[in-house]
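Chemist: Input: one structure, supplied below.
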There are 2 protein chains.
Amino acid sequence: MNSRKQHVIRKSHELFIERGFQATSIQDILDYSGISKGTFYNYFTSKNELLISIFRELHSKMEQERNELLIGQDPSDINVFVQQFELQMYINKKNRLTTLFEEVLISNDPELKQFLKRAQLKVVEWTYKRFVEIFGEEKKPYLLDCAIMFIGILQQNMKFYVLDHDRHTGISRVVQYSVKRVERIVEELALSKDQLHDPSSLDKWLPDHLTADRTFQEELNEIVNELKTTIRSDKPDDRKYLELINFIQEELLHETNPRPFLLENALQPLINSELFNPKEVGRLSKLVSRFFKKKT
Amino acid sequence: MNSRKQHVIRKSHELFIERGFQATSIQDILDYSGISKGTFYNYFTSKNELLISIFRELHSKMEQERNELLIGQDPSDINVFVQQFELQMYINKKNRLTTLFEEVLISNDPELKQFLKRAQLKVVEWTYKRFVEIFGEEKKPYLLDCAIMFIGILQQNMKFYVLDHDRHTGISRVVQYSVKRVERIVEELALSKDQLHDPSSLDKWLPDHLTADRTFQEELNEIVNELKTTIRSDKPDDRKYLELINFIQEELLHETNPRPFLLENALQPLINSELFNPKEVGRLSKLVSRFFKKKT
DNA sequence: ATGATCATTAGACTGACAGTATAATACGAA
DNA sequence: TTCGTATTATACTGTCAGTCTAATGATCAT
């Protein structure tokens, strides 16, 4: 993306954090970021679209950091989940995301409305998927309920916690408290078998989430998590595979120039092993070659 | 209140329900309710103040209906609580309250902001107090947490439930589901003794809730509930008192012309009985005489 | 270097809106 | 009738998002 446009996004975000969305006029943005009105409306079709750009920018950054917390970790370890949600809460707070969100929640612009709804749904979906990894496939029918309630519990706890403790210390405490509660709810629902929301609704709510807009990162992460679930960390043979998978993930996400031959070498043993579902391994190697094709 | 002003409130509320707050211009309101601009700004100092008036109107109506559900009922019966919250959800939905709420949640008007925050806090407070009645004094330290989380769970469940079931059937199901969850949370917290919010915070959050703005109704209800808690429904002698108390409540709230001598007669046995805390009975009889003094 | 193309600029302009101001009129109580 | 108050119609101000235009600057292939 145009770096000038980036600059406008950053500057206007600063203003929005400081005075809020409605209270910041286009003119303020023009003055503060040193561009003219014409340029602004060349970059963005409206003030609302600028806001969407800010959300997008932040969200993709958050997603990346959130996924990095999983590298080299056990996806079923609930402590990783706690860290991930702490991160999200921290980023939210730092960028006044919730405030900005609320401020335009019901706006007259249907595009913005749609965007925000989608964003919320994606949080639910992500939480649900993580819950499946954490609590196991067999609890699936209740985990969408749990995801939805967890988010409700957490948001509400946050809202009232900050009334007493203005500084953003304590995020960690609130997240941990909320996670503990939801752990018991999962147990309880598995016994009482009481379901409010059917997980298949997710596909209805997010019709295109399978196809178009998945990032490379997201897909890599999904495959890696799936491969990891078949690994048992108590078997010494399997640890070798775990390291290989972690290496591939690291190399692709963090190396400025990932080395194709190293990745080839790392992939080969996975392909040969009977431990994994060949389809999954196939997806991974396809993803890797797609990565290098795009680069050129 | 001026009936003409009432009329404007009703009419503009209709418009807000139909098109939303922001999307309704003052001119729309003037045309639709058939008044002039001058009159409008004679009644309300701003569009925001009109909105506050609408909220107030609705809230006091809701409060009344909600309290009526308690008449003749056991305050510790959780089914009554379920009905009360169903009522609130129903009124919310019918009047698009949540939508209107969200639309102006973060507005630039500090007065409106303050008002909305207070309204939310009052819901939490009311829920907390009801939980104390339902789950018992000994669980008090955890019941503010439970109230906060209950509201979070309920709101979130609602939000996603309506995505699948557009008609407002099903409110009942969602409320019951959410109440069931919070019942288990109460149990669990009583064991784990994990507290996030101290109930004493409520006084800090709502500094004036003890004094000025309590309605006659609210206070009557509080005293009646407290008196009822000392009654055991299994003792036949006590049932007589229960009937007396219910009669007093009914007479004051629903009779167009409550009869002082009947109330006197009903109060006397309560005063004479040693069953009740004399202070509470005293408050009740004071409240009754205050009621008749105001009437004249 | 030349000229074509595209990004950028300043600023005038429109239209919508909240809220103010005012002069004229209706109406009710003394 | 008269005085005061509520109401009306309407013009006005100021703010803001978004459009339009004519001029200026930058880039780049030939």
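The values are calculated or read from the model by the stated rules, or taken from the named source; none is laboratory data. Note that the structure is a prediction, hence the values are computed from the model and not measured. So basically every Cβ, Gly included, is an ideal-geometry build from the backbone, and we count neighbours across all protein chains shown. To get the accessible areas, we keep the full protein, side chains included, count just its heavy atoms, and leave off ligands, DNA and RNA. Shrake-Rupley method; radii C 1.70, N 1.55, O 1.52, S 1.80 Å.
Chemist: Roughly how many debye, to the nearest 20, is the charge dipole of the stretch A:1-44 about its Cα centre, given +1 on each Lys and Arg Cβ, -1 on each Asp and Glu Cβ, and no other charges?
Modeler: For the stretch A:1-44, the charge dipole is close to 180 debye.
Chemist: Calculate the mean, over all residues of peptide B:176-187, of how many other protein chain Cβ atoms lie within 10 angstrom of the residue's Cβ.
Modeler: The shielding value for this peptide is 4.
Chemist: Ranked from highest to lowest mean number of other Cβ atoms within 10 Å per residue, what is the order of the peptides A:283-292, A:268-277?
Modeler: A:283-292, A:268-277
Chemist: With each run of n ≥ 4 DSSP H residues scored as -39500 (n - 2.57), what mean residue ellipticity at 222 nm is computed for the protein assembly as shown after dividing by its residue count and rounding to the nearest 500 deg cm²/dmol?
Modeler: Taking each H run of at least 4 residues, the total per residue is -24500 deg cm²/dmol.
Chemist: List the residues of the stretch A:73-106 for which accessible area in the full set of protein chains is at least 30 Å² lower than for the chain on its own; 1.4 Å probe, protein heavy atoms only.
Modeler: A:E102, A:E103, A:L105, A:I106
Chemist: Now a separate question. Tell me the distances, shortest first, between A:E14 and the same position across the other copies, using label points 7 Å along Cα→Cβ, in nm to one decimal.
Modeler: Sorted ascending, the copy-to-copy spacings read 5.0 nm.
Chemist: Between B:D164, B:D145, B:D237, where does the largest GNM mean-square fluctuation fall for chain B, given springs only between Cα atoms within less than 10 Å?
Modeler: Residue with maximal mean-square fluctuation among B:D164, B:D145, B:D237: B:D164.
Chemist: Which distances, in nm and shortest first, link the B:D237 label point to the same label point in every other copy, taking 7 Å along Cα→Cβ?
Modeler: 8.0
Chemist: Provide the per-residue ³J(HN,Hα) series for the stretch A:78-89, in order, calculated from phi with Karplus coefficients 6.51, -1.76, 1.60 and θ = phi - 60°, each as a whole number of Hz, with x at glycine and proline positions.
Modeler: Karplus-based 3J(HN,Hα) across the stretch A:78-89 equals 5, 5, 5, 4, 4, 4, 5, 6, 4, 4, 4, 4 Hz.
Chemist: With charges set only on the Cβ (+1 for Lys and Arg, -1 for Asp and Glu), what does the dipole of the stretch A:216-295 come to about its Cα centre, in debye to the nearest 20?
Modeler: Here the size comes out at about 320 debye.
Chemist: For the pairs A:K47/B:K5; A:K129/A:K180; A:K117/A:K140; A:K93/B:K193; B:K11/B:K180; A:K140/B:K129, note any where the Cα-Cα span goes beyond 27 Å.
Modeler: The answer is A:K47/B:K5; A:K93/B:K193; B:K11/B:K180; A:K140/B:K129.
Chemist: Roughly how large is the A-B contact in terms of buried accessible area, totalled over both chains, probe 1.4 Å, nearest 100 Å²?
Modeler: 4000 Å²
Chemist: Based only on Cα atoms, what mean projected area does the convex hull of chain B have, in nm²?
Modeler: Dividing the Cα hull surface by four gives the mean projection, 18.3 nm².
Chemist: Which value, in debye to the nearest 20, gives the size of the charge dipole of the protein assembly as shown about its Cα centre, when Lys and Arg are +1 and Asp and Glu are -1 at the Cβ?
Modeler: 1500 debye
Chemist: Quick check: at a probe of 1.4 Å, how many percent of the accessible area of the protein assembly as shown sits on carbon and sulfur atoms?
Modeler: 50 percent
Chemist: Do you know which residues of the stretch A:147-171 lose at least 20 square angstrom of accessible area in the protein assembly compared with their chain on its own, with a 1.4 angstrom probe?
Modeler: Buried on complex formation: A:I148, A:M149, A:G152, A:I153, A:Q156, A:N157, A:K159, A:F160, A:Y161, A:L163, A:D164.
Chemist: Using a Förster radius of 45 Å, what is the FRET efficiency between A:T99 and A:L275 based on their Cβ-Cβ separation? Nearest 0.05, please.
Modeler: The pair A:T99/A:L275 has a calculated efficiency of 0.40.
Chemist: Shortest first and in nm to one decimal, what separations exist between B:T39 and its copies in the other chains, measuring from label points 7 Å along the Cα-to-beta-carbon line?
Modeler: Reported distances to equivalent positions: 5.2 nm.
Chemist: Something else now. Mind giving me the nanometre distance, one decimal, between the label points for B:K37 and B:F247, set 7 Å out from Cα along Cα→Cβ?
Modeler: Spacing of the two 7 Å Cα→Cβ label points: 6.0 nm.
Chemist: Near the axis that takes chain B to chain A, which B residue has its beta carbon closest, and at how many Å?
Modeler: Closest Cβ on chain B to the axis mapping it onto A, in Å: B:G152, 2.
Chemist: Taking a temperature of 10 °C and a viscosity of 1.306 mPa s, what whole-number D in µm²/s does Stokes-Einstein yield for the protein assembly as shown with Rh from Kirkwood over alpha carbon pairs?
Modeler: Once the numbers are plugged in, D ends up at 57 µm²/s.
Chemist: Also, I was wondering about something else. So for the pair B:F291, A:S3, with labels modelled 7 Å out along Cα→Cβ, what separation do we get in nm?
Modeler: Between B:F291 and A:S3, the label points sit 7.6 nm apart.
Chemist: Among B:A147, B:A119, B:A23, whose mean-square fluctuation peaks in a Gaussian network model of chain B (Cα, cutoff 10 Å)?
Modeler: B:A23
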